[in-house]
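**Student:** Dumping the structure here so I can ask a few things about it.
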Amino acid sequence: MSWASELPAELLCRPTGLIALSGLDITYNAIHKSIWDAFCNNRRPDRVPLQFIVVQGDHEFPKCRTNKRQSYEWYIPKGILKTNWMRKHLNLVPAVVVIFFDLDWDEPLWKEKQMECATRVEIVRNSLQGSGTKVSVVLIQKNAPLPPGEDVIAVERAASLCSLCDLSAKHLYVLPHTDHLVGYTIRLENAFYELSQSYYHGEAKKVKAHRDFLNKTTHQLLFVRHQFKIAFYNELKQDTHTALKHYKQAYGHLLELRMHDTNLLEIKVNAGFINYKLCRMSFFHNAPLDGIAQFRKHIDFFKSKVGIAELAFEHSAWMSRQFHLFGDLFDEAIKLGLTAIQTQHPGFYYQQAANHAIARKQLCRGFCKPSFKTDETDNLEKMKALDFYGQRYWRPNHQSIDPPDPVKEKEGIADLQNLELRVDHSAIIIPLLSSAVAQFKKYKSPRMKRYLMVQMGEEYYHGKDYQKSLMFLSKVMWDYRGERWWPLLTSILVISMRCAYLTANVKDYVSNCLELIGPLDTKCTVEDKTRIQMNLLRVISNDAPEPEPGLDPVCVEKAKALWSTNSIEPCVFLIEMQSIVPLVECKAKFKADTVPADAEVEIEVYLRVKCPFPVRFSKLSVALSNQIYNQYCEIIDGHGISAASEMESRGGDLYLVPDRPKVFRFSFLPAQEDVEGKIEIIDVTLELGTRTARCAQLRWIGSGGDAVAQIQTAEHLLPKKPVSHIEDTLNWDYVEAQGLARVIPRASLLDIQIEHHPPCLQNEFYVCQLTITNKEDTVISHVRLSIETSESEAEDQTTHLCLDKAIFGGHIVSNISKVSLDELASGEKSSKTLFIKCLQTGNRNIFISINYLVEVRKKNQVILCMCQKKEMFMLNCVEPFEVAVKIMSMKFEATEVVQVDEPFLAMPELHCISPWPVEIQDSSIKLTSYVVHTDTFQSQLQGVSLKKRECAAECISLKPLNSIHPTVSLGTYVLHWRRKYENPITEQPFVSTVFLLPTVSLEQLPISVDLCLPAYGSVKTLLPVCYTIHNKTPYPQEIEINVEASDSFMFAGNKQVHFRVLPRKAYNLMYNLFPLVPGHVMLPKMHLNMLRYPGTMDLIVQKSLPTHIFIKPMGKTLERAA
């Protein structure tokens, strides 16, 4: 019945104006072919929407009626919309006929060519007689035209040609065949577009003019038809807003028609056409809500209009097609930029389309009965040859309520039913469901997607495509297991099992059987479960199962042949138990979370089955992270699957009784490489059947668990009771799967004593004495000592370690790894000296570990165990002393500025803050290139010992050199020292600590003055002094000297003198002083003035010269007593 629900291609496409191009020989003329390509190729969206066709010059266009209807008074319409009308105006009747003619303005045979062109125009007009189609002429010329008004001959000949052809000047065009052909073509297109709009506007006006002749009593169908035509003409004109208005009016008139069984299909078909146009234009105008509202109104009105009961499947097909088309429109609008939401998207419409298609299939099965007539092809041809859309082929053009011939009516209904039986409904339903699945997946609606996938699987099953059905159902079963939809899962499993049977898929068949007879809360009865379990045993025994009830006998025979073929070769397959809810449950656990290296690792595997009858498995194996243990974790049941009781196989017993948990235990000694590592249960595998026939390997990843996980409640959060090892009373719910155990080293019996004297002094070699005592019962070997300052991977760059000998070459060693020690007998001791050098103060942890091998006897076996002993102690590091350096002048006055080439004093002062006595070996000073010693340096602290809060200092004379820098660094002060022990454990080396000397400011003076003065003088004894003035400049200097008088001295020499000092030379002034008073006497003050730098040098000179001298009193003569 697709003939009534399908939309014609003319309705689905976008209507564009039709332009007929005449006079182009696109086969043999290259110029004409290039013109045609310019019109048709590369139709970009910015070009006007037109459709071009090439016609011959004598082409016969559809004839218009010569007798135009003047009145509708006695006219009775026979239908709503003619089947050929849209196709005619889209593809046959052009809006404009363009006649191309090769003619230049300078053509020598102008008259002949002019007459030939006029003849062609006349032929076309005769073919279009009675039609409003516009006619235009395009002259193909070789040269580009001149600007308007310059070519007088072209103007005259154009007017002559228009007159002869009876053409308006606006309908004559020139097309130069030059390099700019595409540009000229686009300009022509725009002109043709305007002409076509004028044509379609005139056609719409003609239809509108008929409205005054109509009445609503007998011409209701014409109201619909005329509004549809007006709307379609406006679409061709690209006036979509006007077209939308008239489509709405047509739809309104359609709903007003009287509906009965004879015309309901025609009304629904035409209503579907108009609704499609309305929805498409609403989306095109970016008004999706209007389109959705129109579609809902459309569906709400017609969903109950079923029509003839025997043809109810037609209504479902029509409804399905309506939803399908709207879903396509919605999806196309989304691709063009429309935004959809999770509750309103095309998936819902595709789903409804699929539901109606399913209803169509069900109605077909209920109403349609096969017929043996042979004229089905004739009936199809009659359906395609109808004059009006939606009418019955056995009563065309019939509009009355009662059918004209009841016998033909009955035969026609039977023919339609017979045609419906031949429809592949699954081929219609599955693509719709697939489209819906894609939409729900896109808008993140997983449950709806799964539901539709189940429908697709069921549809494939009904369509007898069992492989695809099995594939789709397998994809969704896991989700329904996780969400505990047991009734849904049961229904899916039943269909899946039937598909697996019909395709002889052993793995899926066994997997589905394991679930259906398992612990699921299914709808399967005990008899069903018994039958399924028996079929499962038949399959594992390499026999064919019994067919499921209700299957097609033909398909069952094919399945039996497939099963017999599959039983020839052995079949071993793997089933992941985490993916299903099987009849057997498994929980594996380590008996202890941690296992010492000298103890056995114990594993317990708990199994329980939930099925009607006991089951015997053939093999149980546990795979561990280290494969060497797998050989100890296997149980093989040597009896076949038919061994019926537990008593028959006491050896490897894998006979499981329903609801009676059973535990299997394995034990083994850990390997040496797993010490300080983990042993993990990779998987547990239980085999059903034999490898020589059919074997199902049931594998649990990890340690397994409950087949159906329990919902967490407050009761499950309480501590669980210990598991009883009596199998008859074993409580399955209290067993917890534990798939990981850590192998810890054997407990060490080694003893480590650490002797040291904290705190540690910064930069010293701190001594720690390590004493290792073997308290094992036997000899230990491969003893390895490791010392590190940090347990993390980042190295400590402030702590240096060395063993037995204090060495530091600048490279910090923060870890000492695996130092080999000798074998230690039981009770034997070994000592090591550890030196620790801390470069920064603060606390740090020192980690000491000793690894060794010891032989342990276990179960008459000698096990070589790796043991480890760890110790840690915290070490606090403090500074030994503080150093302050003072800068002083030669008069022992503090200063911050020193003069170039003038001596000054640097005085380091040491304050001992160490809690331990410190012994100083020596000190040194490393000067920069800007400072030198004034004499040979010798340490004044050599051999000095300092206790806490004691101080020491030394004085160093230095002289700065000339520099371009205003400030210079003096260098570093180096102190060589060590801690002073009363009873040293071992010889401790001296260490060097470097202190930075301060930075001083330099002052450049033009002269300097030295005073040569004795250490002391005596009263009334001659005291000679000499002033030496040095000129440090490259220029001669004029200097004035003035010496003040003093009451304490008499002196001989120039009191005031003026002299010149040559560049880089010195000048001496000699004075003889005669002291008059004893004591610390002030010297006569000398004032210096430089004529080049007046008033600037006197204060500077005064600061550098001594001001006092010690004068001894005159001695007394002792007189002898008379």
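**Student:** Residues to consider are Ala1052, Ala1015, Ala1045; find the one that is open to solvent by less than 70 Å² (accessible area, probe 1.4 Å) and of a type in the set (A, V, I, L, M, F, W, C). Step through it out loud before you land on a result.
**Tutor:** Details: Ala1015 fails: open to solvent by less than 70 Å² (accessible area, probe 1.4 Å); Ala1045 fails: open to solvent by less than 70 Å² (accessible area, probe 1.4 Å).
Every option except Ala1052 fails the conditions.
**Student:** If a residue has to be touching a residue at least 40 places away in the same chain (Cβ under 8 Å) and either of a type outside the set (S, T, N, Q) or open to solvent by 40 Å² or more (accessible area, probe 1.4 Å) (or both) to count, how many in region 320-335 make the cut? Spell out the reasoning first.
**Tutor:** Filtering region 320-335 down to residues touching a residue at least 40 places away in the same chain (Cβ under 8 Å) leaves 320-322, 324-327, 329-333.
Then drop every residue that is not either of a type outside the set (S, T, N, Q) or open to solvent by 40 Å² or more (accessible area, probe 1.4 Å) (or both), which leaves 321, 324-327, 329-333.
Here the count works out to 10.
**Student:** Which residue, of Asp331, Asp300, Asp290, is touching a Pro at 6+ places or on another chain (Cβ under 6 Å), in a helix (DSSP H, G or I) and either farther than 29 Å from Val437 by Cβ or not β-branched (Val, Ile, Thr) (or both)? Reasoning before the result, please.
**Tutor:** Values: Asp300 fails: touching a Pro at 6+ places or on another chain (Cβ under 6 Å); Asp290 fails: touching a Pro at 6+ places or on another chain (Cβ under 6 Å).
Being touching a Pro at 6+ places or on another chain (Cβ under 6 Å), in a helix (DSSP H, G or I) and either farther than 29 Å from Val437 by Cβ or not β-branched (Val, Ile, Thr) (or both) holds for just one of Asp331, Asp300, Asp290, which is Asp331.
**Student:** Based on this model, can you work out whether His246 counts as in the same structural domain as Phe330 (by TED's automatic domain parsing) and in contact (Cβ under 8 Å) with a residue 40 or more places away in the chain?
**Tutor:** Values: in the same structural domain as Phe330 (by TED's automatic domain parsing): yes; in contact (Cβ under 8 Å) with a residue 40 or more places away in the chain: no.
In short, no.
**Student:** Among the residues in region 460-474, are any basic (Lys, Arg), on the phi > 0 side of the Ramachandran plot and open to solvent by 10 Å² or more (accessible area, probe 1.4 Å)?
**Tutor:** To start, the set of residues in region 460-474 that are basic (Lys, Arg) comprises 464, 468.
When the remaining residues are screened for being on the phi > 0 side of the Ramachandran plot, the result is 464.
Then keep just the ones that are open to solvent by 10 Å² or more (accessible area, probe 1.4 Å); that gives 464.
Looking through region 460-474, at least one residue is basic (Lys, Arg), on the phi > 0 side of the Ramachandran plot and open to solvent by 10 Å² or more (accessible area, probe 1.4 Å).
**Student:** Only residues that are assigned to a loop (DSSP other than H, G, I, E, B) and open to solvent by 40 Å² or more (accessible area, probe 1.4 Å): list them for region 228-262, please. Full working, then the answer.
**Tutor:** We begin by selecting, within region 228-262, every residue assigned to a loop (DSSP other than H, G, I, E, B); these are 237-239, 256-262.
Result: Lys237, Gln238, Asp239, Glu256, Arg258, Met259, Asp261.
**Student:** Being on the phi > 0 side of the Ramachandran plot and either assigned to a strand (DSSP E or B) or open to solvent by 60 Å² or more (accessible area, probe 1.4 Å) (or both) narrows it down to one residue among Phe892, Phe873; which is it?
**Tutor:** On the way: Phe873 fails: on the phi > 0 side of the Ramachandran plot.
Criteria check complete, one pass: Phe892.
**Student:** Out of the residues in region 285-304 meeting the condition of being within 39 Å of the chain's Cα centre (by Cα) and on the phi < 0 side of the Ramachandran plot, tell me which one is surrounded by the most Cβ atoms within 10 Å (Cβ to Cβ).
**Tutor:** Within region 285-304, the first condition is being within 39 Å of the chain's Cα centre (by Cα), and the residues that meet it are 285-292.
Going one step further and asking which of them are on the phi < 0 side of the Ramachandran plot, we end up with 285, 287-292.
Numbers: His285: 13, Ala287: 14, Pro288: 19, Leu289: 9, Asp290: 16, Gly291: 22, Ile292: 17.
For region 285-304, the residue satisfying everything is Gly291.
**Student:** Sticking with this structure for a sec: Where in region 922-1008 are there strands (runs of 3 or more DSSP E), lying fully within it, with 2 or more residues that are of a type outside the set (A, V, I, L, M, F, W, C)? Spell out how you get there, then give the answer.
**Tutor:** Working: elements: 931-933, 951-953, 956-960, 967-969, 971-979, 991-996, 999-1003.
Those strands (runs of 3 or more DSSP E) span 956-960, 967-969, 971-979, 991-996, 999-1003.
**Student:** Now for a different question. Which one of the conditions (1) assigned to a loop (DSSP other than H, G, I, E, B); (2) closer than 17 Å to Ile752 by Cβ; (3) open to solvent by 80 Å² or more (accessible area, probe 1.4 Å) does Lys818 fail to meet, given that it meets all the rest?
**Tutor:** (1)
**Student:** What are the pairs, 6+ residues apart or on separate chains, where a residue within region 903-927 that is under 16 Å from Gln942 (Cα atoms) and open to solvent by 10 Å² or more (accessible area, probe 1.4 Å) has its Cβ under 9 Å from a residue that is outside any strand (DSSP E or B) and of a type in the set (Phe, Trp, Tyr)?
**Tutor:** Filtered contacts from region 903-927: Met907/Phe892; Pro917/Tyr981; Glu919/Phe990; Gln921/Phe990; Asp922/Phe990; Ser924/Phe937; Ile925/Phe937.
**Student:** Of a type outside the set (D, E, K, R) and not in a helix (DSSP H, G or I) - does that describe any residue in region 417-428? Quick ask: steps written out before the conclusion?
**Tutor:** Initially, region 417-428 is screened for residues of a type outside the set (D, E, K, R), giving 417-419, 421, 423, 425-428.
Subsequent filtering for residues that are not in a helix (DSSP H, G or I) retains 423.
The answer is yes; a qualifying residue exists.
**Student:** Just to be sure I understand, how many residues within region 344-384 are modelled with pLDDT under 80, over 20 Å from Asp424 (Cα atoms) and hydrophobic (A, V, I, L, M, F, W, C)?
**Tutor:** So the answer is 0.
**Student:** Might you check whether a residue that is at positive phi, at pLDDT 90 or above, of a type in the set (Gly, Ala, Ser) and open to solvent by less than 30 Å² (accessible area, probe 1.4 Å) occurs anywhere in region 507-516?
**Tutor:** As a first pass, look at region 507-516 and keep what is at positive phi: none.
Within region 507-516, not a single residue is at positive phi, at pLDDT 90 or above, of a type in the set (Gly, Ala, Ser) and open to solvent by less than 30 Å² (accessible area, probe 1.4 Å).
**Student:** Another one. Among the residues of region 427-448, which ones are surrounded by fewer than 21 Cβ atoms within 10 Å (Cβ to Cβ) and at negative phi? So that I can check it myself, show each step before the final result.
**Tutor:** Here is the first cut: in region 427-448, the ones surrounded by fewer than 21 Cβ atoms within 10 Å (Cβ to Cβ) are 427, 431, 434, 438, 441-448.
Scanning region 427-448 gives Ala427, Pro431, Ser434, Ala438, Lys441, Lys442, Tyr443, Ser445, Pro446, Arg447, Met448.
**Student:** Return the residues of region 606-632 that are over 43 Å from the mean Cα position of the chain (by Cα), under 21 Å from Leu574 (Cα atoms) and aromatic (Phe, Trp, Tyr); say none if nothing qualifies.
**Tutor:** Phe617
**Student:** Moving on. Taking into account only those residues within region 1078-1096 that are touching a residue at least 24 places away in the same chain (Cβ under 8 Å) and open to solvent by 60 Å² or more (accessible area, probe 1.4 Å), which is farthest from Ser1008 (Cα to Cα)?
**Tutor:** Let us first name the residues in region 1078-1096 that are touching a residue at least 24 places away in the same chain (Cβ under 8 Å), namely 1078-1093.
Now narrow it down to the ones that are open to solvent by 60 Å² or more (accessible area, probe 1.4 Å): 1078, 1080, 1082, 1085, 1091-1093.
Details: Pro1078: 30, His1080: 26, Met1082: 21, Lys1085: 16, Leu1091: 15, Arg1092: 15, Tyr1093: 14 Å.
Only one residue fits best here, namely Pro1078.
**Student:** Tell me, which residue of region 752-784 that is in a loop (DSSP other than H, G, I, E, B) and β-branched (Val, Ile, Thr) is least open to solvent (accessible area, probe 1.4 Å)? Explain how you work it out, then say what you get.
**Tutor:** Here is the first cut: in region 752-784, the ones in a loop (DSSP other than H, G, I, E, B) are 756-759, 762-764, 775-779.
Applying the additional criterion that residues be β-branched (Val, Ile, Thr) yields 778-779.
Numbers: Thr778: 55, Val779: 71 Å².
Out of the qualifying residues, it is Thr778.
**Student:** Looking at Asn215, Asn190 in this structure, which one is open to solvent by 10 Å² or more (accessible area, probe 1.4 Å) and either among the small types (Gly, Ala, Ser) or in a helix (DSSP H, G or I) (or both)?
**Tutor:** Values: Asn215 fails: either among the small types (Gly, Ala, Ser) or in a helix (DSSP H, G or I) (or both).
Being open to solvent by 10 Å² or more (accessible area, probe 1.4 Å) and either among the small types (Gly, Ala, Ser) or in a helix (DSSP H, G or I) (or both) holds for just one of Asn215, Asn190, which is Asn190.
**Student:** Still on this structure: Being under 52 Å from the mean Cα position of the chain (by Cα), of a type in the set (Asp, Glu) and open to solvent by 50 Å² or more (accessible area, probe 1.4 Å) is the filter here, so list the residues in region 25-47 that pass it.
**Tutor:** Narrowing region 25-47 to residues under 52 Å from the mean Cα position of the chain (by Cα): 34, 36-47.
Of the ones still in play, those that are also of a type in the set (Asp, Glu) are 37, 46.
Within region 25-47, Asp46 is the sole residue that qualifies.
**Student:** Okay, next question. For region 536-631, give me every one of the strands (runs of 3 or more DSSP E) that falls completely inside it and has 1 or more residues that are crowded, with 22+ Cβ neighbours inside 10 Å.
**Tutor:** On the way: elements: 571-576, 584-590, 594-596, 601-609, 619-624.
Output list reads 584-590, 601-609, 619-624.
**Student:** Looking only at region 97-121, count how many residues are in contact (Cβ under 8 Å) with a residue 24 or more places away in the chain and farther than 18 Å from His177 by Cα. If you could, list the steps in order and put the result at the bottom.
**Tutor:** Narrowing region 97-121 to residues in contact (Cβ under 8 Å) with a residue 24 or more places away in the chain: 97-106, 110, 114-115, 117-118, 120-121.
From what's left, farther than 18 Å from His177 by Cα: 97, 110, 114-115, 117-118, 120-121.
Selection size over region 97-121: 8.
**Student:** Need pairs with beta-carbon distance below 7 Å; first residue on the phi > 0 side of the Ramachandran plot and within region 801-829, second surrounded by 11 or more Cβ atoms within 10 Å (Cβ to Cβ); sequence gap 6+ or separate chains.
**Tutor:** Asp804/Lys832; Asp804/Thr833; Lys818/Arg784; Lys818/Ser786; Gly827/Asn774
**Student:** Just for region 48-70: of the residues that are at pLDDT below 90 and over 23 Å from Val121 (Cα atoms), which one is least open to solvent (accessible area, probe 1.4 Å)?
**Tutor:** By that ranking, first place goes to Arg69.
**Student:** Turning to a different aspect of this structure: Please state which one of Thr185, Thr262 is of a type outside the set (Lys, Arg) and touching a His at 6+ places or on another chain (Cβ under 9 Å).
**Tutor:** On the way: Thr185 fails: touching a His at 6+ places or on another chain (Cβ under 9 Å).
None of the other options fit; the residue is Thr262.
**Student:** Sticking with this one: Give me the residue from region 517-535 that is crowded, with 22+ Cβ neighbours inside 10 Å and of a type in the set (A, V, I, L, M, F, W, C) and, out of that set, farthest from Cys571 (Cα to Cα).
**Tutor:** Restricting to residues being crowded, with 22+ Cβ neighbours inside 10 Å and of a type in the set (A, V, I, L, M, F, W, C), the top hit is Leu520.
**Student:** Which residues, counting only those in region 132-152, are surrounded by 19 or more Cβ atoms within 10 Å (Cβ to Cβ) and out of contact with any helix residue (DSSP H, G or I) (no Cβ under 9 Å at 6 or more places or on another chain)?
**Tutor:** Quick first cut of region 132-152, residues surrounded by 19 or more Cβ atoms within 10 Å (Cβ to Cβ) only: 133-141.
Across region 132-152, the qualifying residue is only Gln141.
**Student:** Across region 1053-1089, what is the total count of residues that are over 16 Å from Gly1017 (Cα atoms) and in a strand (DSSP E or B)?
**Tutor:** Narrowing region 1053-1089 to residues over 16 Å from Gly1017 (Cα atoms): 1053-1070, 1085-1089.
Going one step further and asking which of them are in a strand (DSSP E or B), we end up with 1056-1061, 1066-1070, 1086-1089.
Summing the residues that are over 16 Å from Gly1017 (Cα atoms) and in a strand (DSSP E or B) in region 1053-1089 gives 15.
**Student:** In this structure, is Ser945 surrounded by 15 or more Cβ atoms within 10 Å (Cβ to Cβ) and of a type outside the set (Lys, Arg)?
**Tutor:** Values: surrounded by 15 or more Cβ atoms within 10 Å (Cβ to Cβ): no; of a type outside the set (Lys, Arg): yes.
Judged against the criteria, Ser945 is not a match.
The values are calculated or read from the model by the stated rules, or taken from the named source; none is laboratory data. Please read these numbers as outputs of a predicted model, since none were measured by experiment. Backbone-built Cβ (ideal geometry, glycine too); neighbour counts: all protein chains shown. Each accessible area value is taken on the protein alone, full model and side chains, heavy atoms only, with ligands, DNA and RNA left out. Shrake-Rupley method; radii C 1.70, N 1.55, O 1.52, S 1.80 Å.
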